[in-house]
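A.B. asks: Just passing along the structure, written as structure tokens.
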Amino acid sequence: MSETPPADLPVGETVLLAAFEGWNDAGSAATQALEHLHEVWGAEQVDELDPEEYHDFQVNRPVVGPGPDGRREITWPTTAVAVATAPVSGRRVVLVHGIEPSMRWRRYCTELLDIAAGLGVDTVVTVGALLADVPHTRPIPVNATSEDAGVRDVFGLEPNTYEGPTGIVGVLQHEAAARGLRSMSLWAAVPHYVAHPPSPKATLAILHRLEQLLGEPVPLGELPDDSAAWQHGVDELAAEDAEIGEYVHQLEEAKDTADLPEASGEAIAQEFERYLRRRDKGTGG
């Protein structure tokens, strides 16, 4: 079934990309995507937030280690703001990378968006990753949503229908929209049975989606090889563990069925229930 290619952002706009370690970052896929952009685009840090205001240091502890001059120093869990220029389009991109704060989320978002305003940001894109019932053998889904009907129409995005506890990416996106900024959110689905970072296949999927959105090719370096090696490693794990292998097979069937035009939203749930019944019978439960 053919799909309309997603539109990209106007070249003249300054875009802020934000990702946060913690609850919003399964497999570290989102923050590693931003770290990759920081490296390949030669971003320069222009600001940071004072961690005293936003972090519980018993939750996110500072780290002691040698500094550039060899002396021991303390690195605090701050949020860094860097600016890069995309080399092909010349677009200005602001990269926000931090750890999800422990407190004062509204003040945190206000400070970040004030910095963004000073840098001329027009669009805010939050990037996250979540654990999901998806097979590692299929393309990693990256869902793009927006609360703004106009943004959805232009870029062919889905409405955000999630209800429940949210993370800092959800709050930042909401606050950006309240300021009248164009805002959207990207979420990659990381297979929950291989949740330990890194997750290079999910990072690669996020970068491909950002390429589409920004209209800017991203040098991928060793990521495609890392992604292939990661998938091969999980293949070996599934081959050695019959239960995992069977579960992956059920996820593949559910995914392939869901990709058919006539598939309903109940297909995945039905396949998973079928797998559980088979497993219980096999163990005599």
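A.B. asks: Sequence gap at least 6, Cα distance under 8 Å: using those rules, report the relative contact order of the chain to the nearest whole percent.
C.D. replies: Value for the chain: 22 percent.
A.B. asks: To the nearest µm²/s, what D does Stokes-Einstein give for the stretch 16-85 at 10 °C and 1.306 mPa s, using the Kirkwood radius over alpha carbon pairs as Rh?
C.D. replies: Answer from the Stokes-Einstein relation: 115 µm²/s.
A.B. asks: GNM, the chain, Cα, under 10 Å: largest mean-square fluctuation among V127, V59, V46?
C.D. replies: V59
A.B. asks: Tell me the per residue accessible area of the chain using a 1.4 Å probe; a whole number in Å² is fine.
C.D. replies: Accessible area per residue: 52 Å².
A.B. asks: What Kirkwood Rh does the chain have if only Cα atoms enter the pairwise 1/r average? Answer in Å.
C.D. replies: For the chain, inverting the mean 1/r across all distinct Cα pairs yields 20.5 Å.
A.B. asks: Just to confirm a number: summing +1 for Lys and Arg and -1 for Asp and Glu over residues other than D122 whose beta-carbon lies under 14 angstrom from that of D122, what do you get?
C.D. replies: Taking every Cβ under 14 Å from that of D122, the sum is +1.
A.B. asks: If R₀ is 51 angstrom, what is the calculated FRET efficiency for the pair Q45 and T137, using the beta carbon separation as r and rounding to 0.05?
C.D. replies: Between Q45 and T137 the formula returns 0.85.
A.B. asks: So, one more: What ranking, highest mean first, results for peptides 113-124, 219-230, 69-80 when packing means the other Cβ atoms within 10 Å averaged over each residue?
C.D. replies: 113-124, 219-230, 69-80
A.B. asks: Also, I was wondering about something else. Could you work out the local net charge near V134, counting Lys and Arg as +1, Asp and Glu as -1, over the other residues with Cβ closer than 10 Å to its Cβ?
C.D. replies: Residues near V134 contribute 0 overall.
A.B. asks: Hey, another quick one. Alpha carbon centre of the stretch 12-54 versus the stretch 140-179: separation in Å?
C.D. replies: What the calculation gives is 18 Å, centre to centre.
A.B. asks: Counting only other residues whose beta carbon sits under 12 Å from that of G65, what net charge do I get with K and R as +1, D and E as -1?
C.D. replies: Taking every Cβ under 12 Å from that of G65, the sum is +1.
A.B. asks: How many nm separate the modelled label positions at E236 and A149, each set 7 Å beyond the Cα in the direction of the Cβ?
C.D. replies: If labels sit at E236 and A149, their model points lie 5.4 nm apart.
A.B. asks: How much of the accessible area of the chain, in percent, comes from carbon and sulfur atoms when a 1.4 Å probe is used?
C.D. replies: Carbon with sulfur: 50 percent of the solvent-accessible area.
A.B. asks: Would you work out the relative contact order for the stretch 1-82, in percent, from Cα pairs under 8 angstrom that are 6 or more residues apart?
C.D. replies: About 24 percent, as a whole number.
A.B. asks: Among 208-217, 49-58, 14-23, how do they line up by average Cβ neighbours within 10 Å per residue, starting with the highest?
C.D. replies: In decreasing order of mean packing, 208-217, 49-58, 14-23 become 14-23, 208-217, 49-58.
A.B. asks: Springs between alpha-carbon pairs under 10 angstrom, Gaussian network model over the chain: which of Q45, Q32, Q173 fluctuates most?
C.D. replies: Highest fluctuation of the listed residues: Q45.
A.B. asks: Continuing with the same structure: Please find, in a Gaussian network model of the chain (springs between Cα atoms separated by less than 10 Å), the residue of P165, P200, P139 whose mean-square fluctuation is greatest.
C.D. replies: For the chain, modelled as a Gaussian network with Cα springs under 10 Å, the answer is P165.
A.B. asks: In deg cm²/dmol and to the nearest 500, what is the mean residue ellipticity at 222 nm of the chain if only DSSP H runs of at least 4 residues count, each as -39500 (n - 2.57), divided by the residue total?
C.D. replies: Theoretical 222 nm ellipticity from helices: -12500 deg cm²/dmol.
A.B. asks: Quick one: of the DSSP bridges fully inside the stretch 15-223, what percent are antiparallel, nearest 5?
C.D. replies: Antiparallel: roughly 45 percent of the beta bridges in the stretch 15-223.
The values are calculated or read from the model by the stated rules, or taken from the named source; none is laboratory data. Since the structure is predicted, the reported quantities are computational estimates derived from the model, not experimental observations. Glycine gets a Cβ as well: all are built from the backbone with ideal geometry, and neighbour counts include every protein chain shown. Please note that ligands, DNA and RNA were not included when accessible areas were found on the heavy atoms of the full protein model with its side chains. Shrake-Rupley method; radii C 1.70, N 1.55, O 1.52, S 1.80 Å.
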